[in-house]
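Participant: Got a structure here, written out as structure tokens. Questions coming.
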Amino acid sequence: EKTHYHDFVIQAEPVKRLCNIHNTITVNGQFPGPTLEVNNGDTLVVNVVNRAQYNVTIHWHGVRQIRTGWADGPEFITQCPIRPGKSYTYRFTIQGQEGTLWWHAHSSWLRATVYGALIIHPKAGESYPFPNPKRETPVLLGEWWNANPIDVVRQATRTGAAPNVSDAYTMNGQPGDLYKCSSQDTTIIHVDSGETNLLRVINAGLNQQLFFTVANHKLTVIGADTNYVKPFTTSVLMVGPGQTTDVLIKADQPPARYYMAARAYASAQGAPFDNTTTTAILEYKSSCSSNCANTNPVFPSLPAYNDTATATAFTTKFRSPRKAQVPTEIDENLFVTVGLGLENCPSGASSSSCQGPNGTRFAASMNNVSFVLPSNFSLLQAHHQGIRGVFSTDFPANPPLKFNYTGNVTRSLWQPIRGTRLYKLTYGARVQVVLQGTGIFTAENHPIHLHGYDFYIIAEGFGNFNQKTDTAKFNLVDPPLRNTASVPVNGWTVIRFVADNPGVWLMHCHLDVHITWGLAMAFLVENGVSELESLEAPPEDFPVC
Ligand code: C2O
């Protein structure tokens, strides 16, 4: 078991994409940022130095952070931001996780450019539960704005309107040659005929779920979010922001060049989205000798942007490889609505701040509470030190009203209340959460991410969750373990986990525009009795506000 030391210098660097050079916030001048590779059981020590003009934090997406919530990273949840000119060292150990994760900024929309892969290999001497791949390649899907992403979100917050959609999708930071000025900006992945390779697909996009495919090749899914799955074969993946999917791909086609392509799965009806396609090229080494660039790659067929049938056929295929440790009894049963809403323009507010539909401004909520970040303390510090007045623990276990969640409802139900409300769990509680999508303003698929935990997805379906009939669909045998669940458009997902990691853990939609609008809540998990069931003390350089 090793300790890996890294320095992350957050700094602006000129980056050229789509014909323009933009000053871009990067890590060590790299976009995307460095790939970190470790073994299960290793410790990471990452010293983050902020030389940018923005506050920043780094989140290690999917790392359990058992007892080390101080290193989790979401701004104002587990730490105050690292101010310009300051630094903070994240220190944590990978415990029992193997596969693909990633890291990203967790402050405003900085993660648009501040992200990278975190690859966790099995412990030394242990092997994969599949034949060793010849090569392993991270495929980071991203979204690129010509404008500064921080300006894009600031403009949306100021006006109450929806933010501009991205100008391109990217693979490993490159848009690919279907975009203007991008013929040189295409990722090329070389393969030898006959070999089997591992692609570690990560959706680092800000606001868009993506379909991903490789022309003429089958993909065998073997893991997701650092959990192995019963292998299954597919021609297309649907990956939500935050999710990772590991696939084996065999180079069993005639030697040639094949496009890998990704584009939107955009489930919200009528809402604008970036309808472009990013590509990379899978190039057989023997396919061309000198003039490869002149050989047109084979183009794949991709599902239509609104193909919910394909998206859910994919997400429902996941199974644990063996009998899962899913809790069969539960101590806490939450029913949480997940969706957009619109806020009435407050009296006295200027109309320039209410440029949402019909003079409203956008909001989003869970159980009608639109989450507000504190500003003077992080929630974790306030909890640990018993500082009052920073949050309350009255997040409702049920929606305040029953209504037809996926139908058309009256305007009065559109108005969420704001608050910093947590839900308290005793250590070891067995928790079930029914995540119910709503159609209040527009129905949409939501990738819901829980910090500090993996959870079992025991069922999903369309329409309103029915307590009597849908419980019969629960899979308590081999449900998949994930850290980010795709809650289907106009539907629901049921998750279970055991609250065995003390701290304050954010649960939110991983579409950043939705978290900007308040689609979040947090669990406060109390310490258990022994020290090994308790949160560690904060590190000395822990940033306070
Ligand atoms: Cu990947 Cu709260 O984030």
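Participant: Do you know which residues across segment 23-41 are surrounded by fewer than 19 Cβ atoms within 10 Å (Cβ to Cβ) and either on the phi < 0 side of the Ramachandran plot or assigned to a strand (DSSP E or B) (or both)?
Facilitator: Asn23, Gln30, Pro34, Thr35, Glu37, Asn39
Participant: Further question: Tell me, yes or no, whether segment 314-329 has at least one residue that is over 22 Å from Glu195 (Cβ atoms), among the polar types (S, T, N, Q), assigned to a strand (DSSP E or B) and in contact with a strand residue (DSSP E or B) (Cβ under 8 Å, 6 or more places away or on another chain).
Facilitator: No, there is no match, as no residue in segment 314-329 is over 22 Å from Glu195 (Cβ atoms), among the polar types (S, T, N, Q), assigned to a strand (DSSP E or B) and in contact with a strand residue (DSSP E or B) (Cβ under 8 Å, 6 or more places away or on another chain).
Participant: Additional query: Report the residue count in segment 463-489 for those that are under 13 Å from Leu435 (Cβ atoms), of a type in the set (S, T, N, Q) and outside any strand (DSSP E or B).
Facilitator: 1
Participant: Would you point out which residue out of Glu526, Glu531, Glu536 is over 30 Å from Pro272 (Cβ atoms), away from the ligand (no atom under 16 Å from the Cβ), without any contact (Cβ under 8 Å) to a residue 60 or more places away in the chain and more than 18 Å from the chain's Cα centre (by Cα)?
Facilitator: Details: Glu526 fails: without any contact (Cβ under 8 Å) to a residue 60 or more places away in the chain; Glu536 fails: without any contact (Cβ under 8 Å) to a residue 60 or more places away in the chain.
After ruling out the rest, the residue left standing is Glu531.
Participant: Kindly check whether there is at least one residue in segment 302-313 that is more than 15 Å from Gln209 (Cβ to Cβ), surrounded by fewer than 21 Cβ atoms within 10 Å (Cβ to Cβ) and not assigned by TED's automatic domain parsing to the domain that holds Val477.
Facilitator: The answer is no; no qualifying residue exists.
Participant: Then there's this: Can you confirm whether segment 121-132 contains a residue that is under 18 Å from the mean Cα position of the chain (by Cα) and outside the structural domain of Glu195 (by TED's automatic domain parsing)?
Facilitator: Kept after step one, since they are under 18 Å from the mean Cα position of the chain (by Cα), are these residues of segment 121-132: none.
No, there is no match, as no residue in segment 121-132 is under 18 Å from the mean Cα position of the chain (by Cα) and outside the structural domain of Glu195 (by TED's automatic domain parsing).
Participant: Which of the residues that make up segment 110-133 are crowded, with 24+ Cβ neighbours inside 10 Å and in contact with a Lys or Arg (Cβ under 9 Å, 6 or more places away or on another chain)?
Facilitator: Selection gives nothing.
Participant: Which residues, taken from segment 349-381, are buried (at least 19 other Cβ atoms within 10 Å of the Cβ) and without any contact (Cβ under 8 Å) to a residue 60 or more places away in the chain?
Facilitator: Within segment 349-381, Asn368 is the sole residue that qualifies.
Participant: Right, here's the next one. Suppose we filter segment 98-137 for residues that are within 15 Å of the ligand (Cβ to nearest atom) and among the β-branched types (Val, Ile, Thr); how many remain?
Facilitator: Within segment 98-137, residues that are within 15 Å of the ligand (Cβ to nearest atom) and among the β-branched types (Val, Ile, Thr) number 3.
Participant: Still on this structure, I have one more. Of the residues His514, His508, which is outside any helix (DSSP H, G or I) and either within 16 Å of the ligand (Cβ to nearest atom) or surrounded by fewer than 24 Cβ atoms within 10 Å (Cβ to Cβ) (or both)?
Facilitator: His508
Participant: Let me ask something additional. When segment 135-154 is examined, which residues are found to be closer than 24 Å to Gly270 by Cα and part of a helix (DSSP H, G or I)?
Facilitator: Pro149, Val152, Val153, Arg154
Participant: Same structure, new question: Residues in segment 155-173: is at least one touching a strand residue (DSSP E or B) at 6+ places or on another chain (Cβ under 6 Å), among the hydrophobic types (A, V, I, L, M, F, W, C), assigned to a loop (DSSP other than H, G, I, E, B) and farther than 30 Å from Cys354 by Cβ?
Facilitator: No: zero hits.
Participant: How many residues does segment 1-22 contain that are part of a loop (DSSP other than H, G, I, E, B) and exposed (fewer than 15 other Cβ atoms within 10 Å of the Cβ)?
Facilitator: Step one: of segment 1-22, the residues part of a loop (DSSP other than H, G, I, E, B) are 1-2, 18-19.
Then keep just the ones that are exposed (fewer than 15 other Cβ atoms within 10 Å of the Cβ); that gives 1-2, 19.
Of the residues in segment 1-22, 3 are part of a loop (DSSP other than H, G, I, E, B) and exposed (fewer than 15 other Cβ atoms within 10 Å of the Cβ).
Participant: Something else now. Got a number for residues in segment 136-160 being of a type in the set (D, E, K, R) and exposed (fewer than 14 other Cβ atoms within 10 Å of the Cβ)?
Facilitator: Final tally of qualifying residues: 2.
Participant: What number of residues in segment 176-224 are out of contact with any helix residue (DSSP H, G or I) (no Cβ under 6 Å at 6 or more places or on another chain), part of a loop (DSSP other than H, G, I, E, B) and either of a type in the set (D, E, K, R) or within 24 Å of Ile119 (Cβ to Cβ) (or both)?
Facilitator: 12
Participant: Looking only at segment 333-348, count how many residues are surrounded by fewer than 17 Cβ atoms within 10 Å (Cβ to Cβ) and either under 30 Å from Asn227 (Cβ atoms) or of a type in the set (D, E, K, R) (or both).
Facilitator: 1
Participant: Just to verify a result, which residue in segment 446-492, among those that are of a type in the set (Phe, Trp, Tyr) and either in contact with a helix residue (DSSP H, G or I) (Cβ under 8 Å, 6 or more places away or on another chain) or away from the ligand (no atom under 16 Å from the Cβ) (or both), is nearest to Ser320 (Cα to Cα)?
Facilitator: Tyr456
Participant: Please go through (1) under 18 Å from the mean Cα position of the chain (by Cα); (2) farther than 23 Å from Phe211 by Cβ; (3) of a type in the set (Asp, Glu) for Asp151 and return the number of the only condition it doesn't satisfy.
Facilitator: Every condition holds for Asp151 apart from (1).
Participant: So in segment 51-79, with the set limited to residues that are hydrophobic (A, V, I, L, M, F, W, C) and part of a loop (DSSP other than H, G, I, E, B), which one is nearest to the ligand (Cβ to nearest atom)?
Facilitator: In this case the residue turns out to be Ile77.
Participant: Kindly establish whether Ile82 is crowded, with 20+ Cβ neighbours inside 10 Å, outside the structural domain of Asp512 (by TED's automatic domain parsing), over 18 Å from Arg482 (Cβ atoms) and within 14 Å of the ligand (Cβ to nearest atom).
Facilitator: No; evaluated as a whole, the condition is false for this residue.
The values are calculated or read from the model by the stated rules, or taken from the named source; none is laboratory data. As the structure is a computational prediction, the values presented were derived from the model and not from experiment. Positions of Cβ are backbone-derived with ideal geometry, glycine not excepted, and every protein chain shown enters the neighbour counts.
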